[in-house]
Amino acid sequence: MKLIDYGVREDERKYIEEWAEDNNIEVKIVSDLLTPKTVELANGFDGIVAYQQLPYESSIFDKMNEYGIHVLSLRNVGVDNVPFEALKKNNIRLTNVPSYSPEAIAEYSVTGLMALLRNMKHMIRKVDKHDFKWAPDIGRELNQLTVGVAGTGRIGQAAIKIYEGFGAKVIAFDKYRNEELDKKGMYVDTLDELLKESDVVTLHLPSLGIGNTVINSSTISEMKDNAIVVNTGRGDLVNTADLFEGVASGKLYGAVLDVYENEVGVFNENLMDQDLGDKLLENMIKSPRIIVTPHIAFYTTKAVKNMATISLNSMVEELKSGKSATEIDLNK
Ligand code: COI
């Protein structure tokens, strides 16, 4: 069996090399992303593993079919940049890594929220300039707040445990209820209810498709005054211009955004001293009440190792048995 792994960063390389040695399987490591051009490197291999944020172009899958490659295994969870129709047309199966470390994302969401509640962005900037005065930037305590968790999959559940540990009141919404949380009476019936009752709304949902935002001017007007939005899910869950306006107008207290609807081509790039060409992003970066980070909630040693190895294990399962536990249903 010969595999090829695309878009590999240096910090992932050692985990892939170790896996290849332990499993005695050849894995060619490529730092380039998977494109209609670079897919040519896969000719002669049995399966492709990849991770990228850019969309996977449809013609990649025509070439895979031509080379007799019928499995694409992703090292990440999100499949919103994969054209399912092109995979189906070419009889290609897709796997992802649904659970590399829910705790990594959950812990990061809470970290961002705590930083916002205690004005850390502003304070660090002040101290950098030798301004050590603390007033008037008084903090707020998490144990005084109601946290609304939207989405109670693995990440939402991990976040709930942490919020409960901090003594916050936690309420939750999900179309598919978790039995244990339901027994505890944690769920509200609608997303609207969650938005209305929460001091903090934390989004742990997948993308709902373009235009289907959870946070927008209409829902913001329903939210509590001084509420906070935390998004480590997907950028398109939020209408960012509306959110910025909500914070700028003083309706909302602030926001923590580790994902952004226009992040592709910006996040994970070094654009130091360059004009971003995105006024909204620049304004958010300037705001003391909006913490923007470049999609790093997942980025821990545990998560990166799991992404590298679980994707390869899924590939082996697919190639040996024609299926795997992490295969995505392309008809959903
Ligand atoms: C995903 O796993 O889909 C993520 O959002 C994290 C990604 C940046 C590796």
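The values are calculated or read from the model by the stated rules, or taken from the named source; none is laboratory data. The structure displayed is predicted, hence computed values, not measured ones. Cβ placement follows ideal geometry from the backbone for every residue including glycine, while neighbour counts extend to all protein chains displayed.
Assorted remarks:
- Residues in segment 122-147 that are assigned to a loop (DSSP other than H, G, I, E, B), acidic (Asp, Glu) and modelled with pLDDT of 95 or more: Asp131, Glu141.
- For segment 253-270, a residue qualifies if it is more than 16 Å from the ligand (Cβ to nearest atom) and either part of a strand (DSSP E or B) or in contact with an Asp or Glu (Cβ under 6 Å, 6 or more places away or on another chain) (or both), and the qualifying residues are Tyr253, Gly254, Ala255.
- Among the residues listed as Val110, Val188, the single one being crowded, with 20+ Cβ neighbours inside 10 Å and of a type in the set (Val, Ile, Thr): Val110
- Of the helices (runs of 4 or more DSSP H) lying entirely inside segment 188-252, those containing at least 1 residues that are among the small types (Gly, Ala, Ser) and either out of contact with any Asp or Glu (no Cβ under 8 Å at 6 or more places or on another chain) or within 16 Å of the ligand (Cβ to nearest atom) (or both) span 217-222, 240-248.
- Selection status of Pro55, in contact with a Ser or Thr (Cβ under 7 Å, 6 or more places away or on another chain), of a type outside the set (Lys, Arg) and either modelled with pLDDT under 95 or surrounded by fewer than 15 Cβ atoms within 10 Å (Cβ to Cβ) (or both): no
- Residue match in segment 291-309 (condition: in contact with a Ser or Thr (Cβ under 6 Å, 6 or more places away or on another chain), within 14 Å of the ligand (Cβ to nearest atom), of a type in the set (Gly, Ala, Ser) and assigned to a helix (DSSP H, G or I)): yes
- Selection count, segment 1-49, where residues are buried (at least 19 other Cβ atoms within 10 Å of the Cβ) and of a type in the set (Asp, Glu): 3
- Of the residues Leu276, Leu280, the single one that is farther than 25 Å from Pro206 by Cβ, among the aliphatic types (A, V, I, L, M) and away from the ligand (no atom under 13 Å from the Cβ) is Leu276.
Each row is one residue, and each column tells you yes or no for (1) out of contact with any Gly (no Cβ under 6 Å at 6 or more places or on another chain); (2) hydrophobic (A, V, I, L, M, F, W, C); (3) crowded, with 16+ Cβ neighbours inside 10 Å.
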{"position": "Lys251", "(1), (2), (3)": "yes, no, yes"}
{"position": "Tyr260", "(1), (2), (3)": "no, no, yes"}
{"position": "Leu281", "(1), (2), (3)": "yes, yes, yes"}
{"position": "Pro294", "(1), (2), (3)": "yes, no, no"}
{"position": "Lys305", "(1), (2), (3)": "yes, no, yes"}
{"position": "Ile310", "(1), (2), (3)": "yes, yes, yes"}
{"position": "Lys323", "(1), (2), (3)": "yes, no, no"}
{"position": "Glu327", "(1), (2), (3)": "yes, no, yes"}
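- Residue in segment 84-121 that is farthest from Asp199 (Cα to Cα), counting only those that are in a loop (DSSP other than H, G, I, E, B) and within 16 Å of the ligand (Cβ to nearest atom): Asn96
- Any chance Asp80 is of a type in the set (Asp, Glu), outside the structural domain of Arg234 (by TED's automatic domain parsing) and part of a helix (DSSP H, G or I): no
- Neighbours by Cβ (under 7 Å, 6+ apart or cross-chain): first from segment 294-318, β-branched (Val, Ile, Thr); second more than 8 Å from the ligand (Cβ to nearest atom) and assigned to a helix (DSSP H, G or I): Thr300/Ala104; Val304/Asp11; Val304/Glu12; Val304/Tyr15; Thr309/Tyr15; Thr309/Trp19
- Within segment 22-41, tally of residues that are within 28 Å of the chain's Cα centre (by Cα) and either at pLDDT below 95 or not in a strand (DSSP E or B) (or both): 10
- Residues satisfying the stated conditions in segment 204-218, i.e. crowded, with 22+ Cβ neighbours inside 10 Å and free of Cβ contacts under 8 Å to residues at least 40 places away in the same chain: Ile215
- Look at (1) aliphatic (A, V, I, L, M); (2) in a helix (DSSP H, G or I); (3) surrounded by 20 or more Cβ atoms within 10 Å (Cβ to Cβ); (4) more than 24 Å from the chain's Cα centre (by Cα) and you find that Ile69 fails only one, number (2).
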